[in-house]
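I have placed the structure first, in the form of structure tokens, so that the comments after it can refer back to it.
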Amino acid sequence: MTDQMRDAQTLPLLSPTDLSLDLDRQRRLAKDLKNAVRAGDDTAIARLRKHHPRYSALDLAALKLTDAQLTIAREAGVASWPALKSHVERIDAARNAIEARHRAPDADLPTLHVRCGNDIEAALTRAGFAGDFLMFADPICQGPVTSGRGSLETRAGFIASEYPGESHESNLERLRTAEHRISDAGKYGRIALWFEHDPYDQLLLARLLAMLQETATDRRKIELISVDRFPGISKFIGIGQLSPAALRHMYDLRQPVPVSAFAQARETWTALCTPTPLPLFELAGRSGPLPFLDGAILRYLAELPSVENGLSFTEQIILEILGNGPRPWGEIFREFMSERDPLPYHGDLMFLGTLLRLRDAGTPAVLDDGSSLDHANRGKTVFSLSDTGCELLEGRRDWTSCSPRRRDQGGVTCFGEPDWRWSKEQQRPVVF
């Protein structure tokens, strides 16, 4: 038995979030909420006001249990009490199917499961899936992106130069292997794509669909599991948060990729490689069959240097966090992901690479304590704001005057000619 199989067998079938949605518990919470509102409890009334769609028409002194149940369901992230009940029952059914070793949910066709990381690989095994797994992971939401000859070498070089501990050779081999497996994916009866709503996933999904448009002879067998929320999770960051039972449930909700999505993906990939951000921005203004792509594009474009001080959204927030005092970079990362980024997509090394860019400029915006950044010290190196960082925060200096390392966003060279910037006020790219 491999280490991966052993790890899969030890995974709990339900997450703490799944367990918190137990229906008996939810009924008790609804009853408690009803009683608290009837008693005039301000906190309970505020919850009702925030979540009940017909709050103004309610008689609070005689609040019905059904209205409290609706509020509890809305707090959990579902539309109604029946929807909450149905969700919990489906999760329970998925858990029971796993425990009873029912037929694999993908057993009807030879299936390739594709994900932009390996965060659900063990959980899919634990959930009873039988298909093959492919990690198709290239953080094209950062760094230069090109098409044609040499594109993979460019990406491998970027990853090796920007992310500590990564090598050019291993990344080039990994990227080549993944592209080869995608080009050969037509041998499968089904291709299941697991991608959430953030820039990392959505841009990579566009790249993947553009590739499959060329290589897949039957696009009807390409199916998508794509979500931007999940009941009980207050801040949904990604599919990797889901339990084996939840993944099995989500698989039942998969949808065939619409034919028009392949054209949208091709346009997105072409625009991403273009040396101006305008085509990508214009795509975000059009509705299309990939519902999360527009928001992901706008969040991606916010990583262009800002009009205000030349910092990207991520760089700006890092300096704001450090404006409250020195912090270990692991703590900065957690606050950024959980509280500050409206559409989180960074992995830890992606985030650390951005911190190091701020540190390694000719005139640094941040300083560190000199401790090692190796795996044994992961997340513990303390960073602090430099005087230059304070000037940037106060708008008294532009980042381009600090001699930062070259940075590319897709086909756009930052601080190039023309100097494309992101206008927070206009919410669009402009020439500075």
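The values are calculated or read from the model by the stated rules, or taken from the named source; none is laboratory data. As the structure is a computational prediction, the values presented were derived from the model and not from experiment. Methodologically, a virtual Cβ is constructed for each residue, glycine included, from the backbone with ideal geometry; neighbour enumeration extends over all protein chains shown. Areas reflect the complete protein model, heavy atoms only, side chains present, ligands, DNA and RNA absent. Shrake-Rupley method; radii C 1.70, N 1.55, O 1.52, S 1.80 Å.
Odds and ends about this structure:
- For beta carbons closer than 7 Å, sequence separation of 6+ or different chains, a first residue in the range 419-432 that is within 12 Å of P277 (Cβ to Cβ) and of a type in the set (K, R) and a second that is assigned to a loop (DSSP other than H, G, I, E, B) and open to solvent by 30 Å² or more (accessible area, probe 1.4 Å), the qualifying pairs are R421/V307; R421/F432.
- Of all the criteria given as (1) buried (at least 22 other Cβ atoms within 10 Å of the Cβ); (2) of a type in the set (A, V, I, L, M, F, W, C); (3) not in a loop (DSSP other than H, G, I, E, B), the one not satisfied by I98 is (1).
- Test: residue in the range 185-208 that is within 26 Å of T274 (Cα to Cα), in contact with a strand residue (DSSP E or B) (Cβ under 8 Å, 6 or more places away or on another chain) and surrounded by fewer than 22 Cβ atoms within 10 Å (Cβ to Cβ): no
- Look at the range 233-247: where a residue is touching a residue at least 40 places away in the same chain (Cβ under 8 Å) and a partner is hydroxyl-bearing (S, T, Y) and open to solvent by 10 Å² or more (accessible area, probe 1.4 Å), sitting 6+ places away or on another chain with Cβ atoms under 6 Å, you get I233/T17; S243/S15.
- Residue in the range 380-393 that is loosely packed, with under 15 Cβ neighbours inside 10 Å and more than 25 Å from the chain's Cα centre (by Cα) present: yes
- Hits in the range 222-267 - residues which are open to solvent by 40 Å² or more (accessible area, probe 1.4 Å) and under 27 Å from R428 (Cβ atoms): D228, R229, K235, I237, S260, A263, R266, E267
- Matching option when the condition is touching a Ser or Thr at 6+ places or on another chain (Cβ under 7 Å) and hydrophobic (A, V, I, L, M, F, W, C), among C402, C414, C390: C402
- Apart from one condition, L203 fits all of (1) in contact with a helix residue (DSSP H, G or I) (Cβ under 8 Å, 6 or more places away or on another chain); (2) within 30 Å of E89 (Cβ to Cβ); the exception is (2).
- Test: residue in the range 384-393 that is in contact with a Leu (Cβ under 9 Å, 6 or more places away or on another chain) and in a loop (DSSP other than H, G, I, E, B): yes
- Residue selected from the range 394-414 under the condition under 28 Å from the mean Cα position of the chain (by Cα) and open to solvent by 60 Å² or more (accessible area, probe 1.4 Å), by the criterion nearest to L322 (Cα to Cα): R405
- Only one of the listed residues (A160, A206) is free of Cβ contacts under 8 Å to residues at least 12 places away in the same chain, part of a helix (DSSP H, G or I), out of contact with any Pro (no Cβ under 8 Å at 6 or more places or on another chain) and hydrophobic (A, V, I, L, M, F, W, C). That residue is A160.
Residues checked against (1) β-branched (V, I, T); (2) within 24 Å of M250 (Cβ to Cβ):
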| residue | (1), (2) |
| --- | --- |
| Q26 | no, yes |
| A36 | no, no |
| L48 | no, no |
| H52 | no, no |
| A57 | no, no |
| L60 | no, no |
| I72 | yes, yes |
| A79 | no, yes |
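- Index of the failed condition, A361 passing every other in (1) of a type outside the set (D, E, K, R); (2) touching a Leu at 6+ places or on another chain (Cβ under 6 Å); (3) surrounded by fewer than 20 Cβ atoms within 10 Å (Cβ to Cβ): (2)
- The residue pairs whose first member lies in the range 107-123 and is touching a residue at least 40 places away in the same chain (Cβ under 8 Å) and open to solvent by less than 50 Å² (accessible area, probe 1.4 Å), whose second member is in a helix (DSSP H, G or I) and of a type in the set (D, E, K, R), and whose beta carbons are closer than 6 Å, counting only pairs six or more residues apart or on different chains, are C116/D201; A122/D7.
- Unmet criterion (only one of (1) among the basic types (K, R); (2) in contact with an Asp or Glu (Cβ under 8 Å, 6 or more places away or on another chain); (3) at pLDDT 95 or above) for R407: (2)
- No other residue among F158, F129 is at pLDDT 95 or above, touching a Gly at 6+ places or on another chain (Cβ under 7 Å) and crowded, with 18+ Cβ neighbours inside 10 Å apart from F158.
- Matching option when the condition is of a type outside the set (S, T, N, Q), out of contact with any Ser or Thr (no Cβ under 6 Å at 6 or more places or on another chain) and either in a helix (DSSP H, G or I) or open to solvent by 50 Å² or more (accessible area, probe 1.4 Å) (or both), among L355, L367, L343: L355
- Cβ separations smaller than 9 Å between residues 6+ apart or across chains give the following pairs from the range 44-71 residues that are at pLDDT 95 or above and among the acidic types (D, E) to residues that are outside any helix (DSSP H, G or I) and open to solvent by 50 Å² or more (accessible area, probe 1.4 Å): D67/R54.
- Selection status of T270, closer than 20 Å to F432 by Cβ and open to solvent by 30 Å² or more (accessible area, probe 1.4 Å): no
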